1. If a residue must be open to solvent by 40 Å² or more (accessible area, probe 1.4 Å) and either of a type outside the set (D, E, K, R) or within 14 Å of chain C (Cβ to nearest Cβ) (or both), how many such residues does segment B:51-81 contain?
2. Before we move on, is residue A:297 farther than 25 Å from residue A:130 by Cβ and β-branched (Val, Ile, Thr)?
3. Report, by residue number, each residue of segment C:319-345 that is outside any helix (DSSP H, G or I), surrounded by 24 or more Cβ atoms within 10 Å (Cβ to Cβ) and polar (S, T, N, Q).
4. Within segment A:73-82, is there a residue that is at pLDDT 95 or above and closer than 11 Å to residue A:144 by Cα?
5. State yes or no: is residue C:203 more than 23 Å from residue C:79 (Cα to Cα) and in the same structural domain as residue C:73 (by TED's automatic domain parsing)?
6. Could you identify the single residue in C:187, C:164 that is among the β-branched types (Val, Ile, Thr), touching a helix residue (DSSP H, G or I) at 6+ places or on another chain (Cβ under 7 Å), within 30 Å of residue D:237 (Cβ to Cβ) and open to solvent by 20 Å² or more (accessible area, probe 1.4 Å)?
7. Is it the case, given these coordinates, that residue B:147 is more than 21 Å from residue B:270 (Cβ to Cβ), without any contact (Cβ under 8 Å) to a residue 60 or more places away in the chain, crowded, with 22+ Cβ neighbours inside 10 Å and over 18 Å from the mean Cα position of the chain (by Cα)?
4 protein chains.
Amino acid sequence: MSAKINVGVIGATGYTGSELVRLLHHHPLAQITAITSESRAGEKFSQVHSAFEGICDLPLIKSDDLNTNNIDVLFFALPHGVSMKFAEKFYGTKPIIDFSGDYRLDSSKTYTDWYGKEHTFTTPFKDAAYGLPELFASKLKDSPLIANPGCFPTGASLALAPLIQHNKVDAQNIIVDAKTGVTGAGIKASAVNMFSNVNDNFKAYGIKKHRHTVEMELNMERLTGQKAIVQFTPHLLPVDRGILTTAYLKPTGSITEKEVIELYREFYNNQPFVRLRNSAPEIKQVRGTNYVDIYATHDVRTGNIIVVSAIDNLVKGAAGQAVHNMNIKFDFKETKGLNIVPLQP
Amino acid sequence: MSAKINVGVIGATGYTGSELVRLLHHHPLAQITAITSESRAGEKFSQVHSAFEGICDLPLIKSDDLNTNNIDVLFFALPHGVSMKFAEKFYGTKPIIDFSGDYRLDSSKTYTDWYGKEHTFTTPFKDAAYGLPELFASKLKDSPLIANPGCFPTGASLALAPLIQHNKVDAQNIIVDAKTGVTGAGIKASAVNMFSNVNDNFKAYGIKKHRHTVEMELNMERLTGQKAIVQFTPHLLPVDRGILTTAYLKPTGSITEKEVIELYREFYNNQPFVRLRNSAPEIKQVRGTNYVDIYATHDVRTGNIIVVSAIDNLVKGAAGQAVHNMNIKFDFKETKGLNIVPLQP
Amino acid sequence: MSAKINVGVIGATGYTGSELVRLLHHHPLAQITAITSESRAGEKFSQVHSAFEGICDLPLIKSDDLNTNNIDVLFFALPHGVSMKFAEKFYGTKPIIDFSGDYRLDSSKTYTDWYGKEHTFTTPFKDAAYGLPELFASKLKDSPLIANPGCFPTGASLALAPLIQHNKVDAQNIIVDAKTGVTGAGIKASAVNMFSNVNDNFKAYGIKKHRHTVEMELNMERLTGQKAIVQFTPHLLPVDRGILTTAYLKPTGSITEKEVIELYREFYNNQPFVRLRNSAPEIKQVRGTNYVDIYATHDVRTGNIIVVSAIDNLVKGAAGQAVHNMNIKFDFKETKGLNIVPLQP
Amino acid sequence: MSAKINVGVIGATGYTGSELVRLLHHHPLAQITAITSESRAGEKFSQVHSAFEGICDLPLIKSDDLNTNNIDVLFFALPHGVSMKFAEKFYGTKPIIDFSGDYRLDSSKTYTDWYGKEHTFTTPFKDAAYGLPELFASKLKDSPLIANPGCFPTGASLALAPLIQHNKVDAQNIIVDAKTGVTGAGIKASAVNMFSNVNDNFKAYGIKKHRHTVEMELNMERLTGQKAIVQFTPHLLPVDRGILTTAYLKPTGSITEKEVIELYREFYNNQPFVRLRNSAPEIKQVRGTNYVDIYATHDVRTGNIIVVSAIDNLVKGAAGQAVHNMNIKFDFKETKGLNIVPLQP
């Protein structure tokens, strides 16, 4: 028991916050010491997330009342634009794992270009690590702030990385057609996430301008040092959670189905959360888990390569990847607390 | 009343058959005279489709008992491989509007290549008309058999046609990422359409080999006389009906957003079922109707053109388009019986 | 054409308003002349309800700008508490069909008891007619204001009426367990109708205190002149529309299954929208229509009678019943504009 | 490791079988040693349940090839009528926990009355224990066969027990209106569980004759020694899993809300899987868990008591309760392997 690290959760009224609490509740080497909420302080966590009644009844406190002395790591389960304020407050005191988009990009300028607002606390950019462990693990252990990846970039980058890194496909002609569950839009009620606007419906949104586009491009550039261009189109599924990504790629030279498969096998060898599939994956088969299921195939008729990946946007695309990052940072086995069987059906 | 034409429906136990009966029930110039079913003959139509109780209680008869003398047009609401048998029986007696894939392609050889079976009655190929009125209306009136298009090719071809016909994009580099409701898989219970395999789930299927691929390619070739290559990936949505098609195209030369929009406006001028949208369409906004909603846009950042279309696979993608074809054949106003308001929500 | 009556729709940003426009669009003897909205005046109807683009693009106007001279009937598609304000403005000028709960009950006192607010315009109570045509048709033609019934009371009252009116069951021991689609909660986004709170979920709500309880009790009392007691429990279904009502009743004397069935057959003889079913009804089989499907059965083992009814809450439970009331008021055939085939699937 | 007991799973192609494997995978004191399937023997478990790829890839074997020497307990994840055949084979060799209805009732005669078939192996009836631990724990430890309760009787009996056992309500006038997810209908594809027959739909079924009726009545009689009569009506929800039970009861004497609440608090004191709620429960708040959430209330206006309970039919209603029974039988802490946070959303 005494071996457990103490975790502080900053902001826990959203879906990624509750998912983080769900995962940490089962973690054998970590325990939640404090949960903050500016808007709901004074209430129990289980009053905000009623499913947790009897499971996590911790009181929510104001972040000003958080004593970081007995905290080993802080998770920021916050939206973009908000994290930077708390980073200003806590940066340097304790390791931070940040769920927002505030420190995922390469500079505050890029941030402003795509997020349309000024960045008010840029210090962490220099040392922040981008927390996609299968691709960029080296900086995670020592960085004071881990920027947890966006949900779409996680699914897309893991689908694309083997081919891009080995220059097997044209990095400037990447098409990413992704489909996400509704929780990606957050917990605040709006026309976007109303049942009758989502049920029996399906649509594209954010065409040409979704913020995750640049994050995907930067990830590909991190792999090769060369500019990447991604045409990214997200769509809204009538499901709670899950992202299916279908990517279309142009080979730079001749390549066979067998070579594609072998490339992925080698690239993701020993990665505990990557499942390479023999047929197209389904989002329900990763539901509630940190798995990414990937299927890559070459079409001899058209010459294209098609890659499909499936993740749970709240786990591998958010809270699960954050716990994975925590495990790496604290030298825990990568799968600690994340050995979860999909809830199917 | 006496002015109504008499319709015979061959095969009515499936979804497209019941949808056809729904539409014809409201049609001011047509009436259903007979409905056949080999498997359920002797029962009422409303025993097979219980929602029709008190609305259409016609007895189902064997096709051998069908008297075509008092029939003006036959609809084949049949799957591929079955239609050809009934075509052998009825071809030349009365005009046929066929829902199957048996006469959509350019030859029995192409049929065998993609459908994997021999064609047993090839006579109609010579004179069959492909019934996508917005693109290929000329032969409809005089042809003895109208091959009603596939659902995916309908949504995709209407999305692509203006750009392809005017050679504005590379016809050999077309990506069609489509998402369909479950009714596209038919009414027979199987693992594919079980609730718990579909609900909260999403997946790609038929990657690289779906039969509708060649139908799309042939449609594009009909427009230009030149070979087209389509990378088509269908996906299965947890909804009953609706197809959203997202297409990615490479311009052959410089083009502006405004030119793209203008091109579509001119191309579909006066088409009563095409709604050009200012933002990405949604499948629920065409539910139950014969509309196709289309949105086309150019991405100056990437150079790509993205086109999104939405149809109801059972209406515009099947029974509604069939009624549209009937209207044209009998010189009715195109919208007769098809002036339907979407059921939303 | 000139024979059409002119309809004014007061308030059209909600679901019942858009459903009313959907139904009137098809009506052969009525046309919408004006639609008002205080909050969205100046926009087109199709900007509020995007599915109507190209179908109904009427401009929304302020109610102050409504010229009632060329209007034959006013529909109030408004929530309770708001209708009374517009009633004050328009009462007596033109016939009103009011969707709200403001004039459904027997007095302003009962209203205040159950709706928890003062009634500010009580004049119409004296002459208002309760618009459930199968049960209370006599006053509809001459009343200046028809109070269109609540959705739950419609489904429940039609299920109960034959047995209650003939004193076959204990009117003071009625259990109504009802399940509704989400549109019953209105179009305003809130935690109640968020996708992720409704999808895969199911719950009871408003136990012991739902306002529709008293409306059901009053309806039963209108039939017999005696006090009725209803235990009403609504539940929220993960569907857009539809109410299934399961009622449990205690026979006052011995009764057989056959007698129950015969009672319903006689009671609803010639009612065009009542379908008596031989097995338990399903909400999808009435979707989009004005039908009420009813199944009544006696359990010899327990002695209870169970009645199940299915309606579409937006049609039979709101806009369709309102059009039915209009048809009666204007001596149109009852089914005019309401001959709709269910959208199934 | 060596402390783990060895579990044999007989029949694992259904939902309750896969759910059992999900739960046992996480169990710290049990491990799955063998899984049998007559129809899929030779394949891996993960070929039948693809979500388990990389998680449980055990080969399925024929039950004839099962070596029970190194097995400590057998789970029968089988339907009724099949379990009795395997009971004949394995009864007495090792403890059995049976998911079917074959040994839940008080005699083979009652079984034949309600299940409509002869019982072919009646020996276990004498010593079988009914495995609903919160109500009937005493026989579990020593019985050679535990009959795991039906899903509906679990939700209903736990809702009713406190009031029935204390004779606070009329045991011969119990109304149980229950609503279940689709997985209750099993994994075999049929019209009943097809997506398009379930999605957007809702219906009652099995009215007056569902087999779980007698199981509920027997449970109530076990508590009081007196005959009980239950009017049970199940309904089918468009969700995968979950049962919400709404029960209506008539008090035998005067009772207050406070007394009702206190009665439930005392009755379920220290029961780790019972959560008494202050408002109506929701099925999604117990999803994936062994919890039963209960809310009981008295309506002073009508005199009735209403009790609502929520369970996950595959966990508390099947596999979770089975693991709970195993824990009791082997003197493990009751919650071992069952400390699960609901998957919400």
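The values are calculated or read from the model by the stated rules, or taken from the named source; none is laboratory data. Predicted, not measured: the structure shown is a model, and the values here were computed from it. FYI the Cβ positions are ideal-geometry reconstructions off the backbone, even for glycines, and counts take in every protein chain you see. Accessible surface is based on the protein model in full, side chains and every heavy atom, while ligands, DNA and RNA are left aside. Shrake-Rupley method; radii C 1.70, N 1.55, O 1.52, S 1.80 Å.
1. Residues meeting the conditions: 11.
2. yes
3. Matches in segment C:319-345: C:344 only.
4. Within segment A:73-82, one or more residues are at pLDDT 95 or above and closer than 11 Å to residue A:144 by Cα.
5. no
6. C:187 is the lone residue from the list that is among the β-branched types (Val, Ile, Thr), touching a helix residue (DSSP H, G or I) at 6+ places or on another chain (Cβ under 7 Å), within 30 Å of residue D:237 (Cβ to Cβ) and open to solvent by 20 Å² or more (accessible area, probe 1.4 Å).
7. no
Residue by residue, here is whether (1) under 21 Å from the mean Cα position of the chain (by Cα); (2) facing chain D (nearest Cβ under 9 Å); (3) buried (at least 24 other Cβ atoms within 10 Å of the Cβ) holds:
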residue: C:195; (1), (2), (3): no, yes, yes
residue: C:212; (1), (2), (3): yes, no, yes
residue: C:218; (1), (2), (3): yes, no, no
residue: C:223; (1), (2), (3): yes, no, no
residue: C:228; (1), (2), (3): yes, no, no
residue: C:235; (1), (2), (3): yes, yes, yes
